[in-house]
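Participant: Okay, handing you the structure first.
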Amino acid sequence: MRSERSEVNERANPAQKPLAGELNRHAGQLAGELSHHAGQLAGELNCRVVALAGELSHRAGQLARNRRVVVFAGEFGRHASRLARRA
């Protein structure tokens, strides 16, 4: 890769070399800024996903508790009707 780059530099127009260097610097700066913003967005997205996962976990716990209450109420109703039939 290094030798390919030096061959390209040797064949390049000397008048264009400063412009190419400046363009490379700007491209590097833009790539750095893009990487920074992508990292910020990824962090923000991760925070939202973690918050949503916590909320879903909480709701799943509530649903499980509600299901246990419904099952308990059904069992209670069956026992109450048996007792009523005996009386």
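Participant: With a 10 Å cut-off between alpha carbons and a GNM built on the chain, which of GLU55, GLU33, GLU75 moves the most?
Facilitator: Looking only at GLU55, GLU33, GLU75, the largest GNM fluctuation is found for GLU75.
Participant: Most mobile of ARG67, ARG11, ARG25 per a Gaussian network model of the chain (Cα springs, under 10 Å)?
Facilitator: ARG11
Participant: How large is the Kirkwood hydrodynamic radius of the chain, counting all unique pairs of alpha carbons, in Å?
Facilitator: One over the average 1/r among Cα pairs gives 20.0 Å for the chain.
Participant: Dipole of the chain, Cα-centred, from +1 at each Lys and Arg C-beta and -1 at each Asp and Glu C-beta, to the nearest 20 debye?
Facilitator: Using Cβ point charges on Lys, Arg, Asp and Glu, the chain gives about 1260 debye.
Participant: While we're here: Considering the dipole of the chain built from charges on the beta carbon (Lys and Arg +1, Asp and Glu -1) around the Cα centre, which of LEU19, HIS37, PHE76 is farthest to its positive end?
Facilitator: Most positive-ward Cα: PHE76.
Rule-based calculations on the coordinates, nothing more; no lab input. Source: prediction; values computed, not measured. Cβ coordinates were reconstructed from backbone atoms using ideal geometry, including for glycine residues, and neighbour counts include every protein chain displayed.
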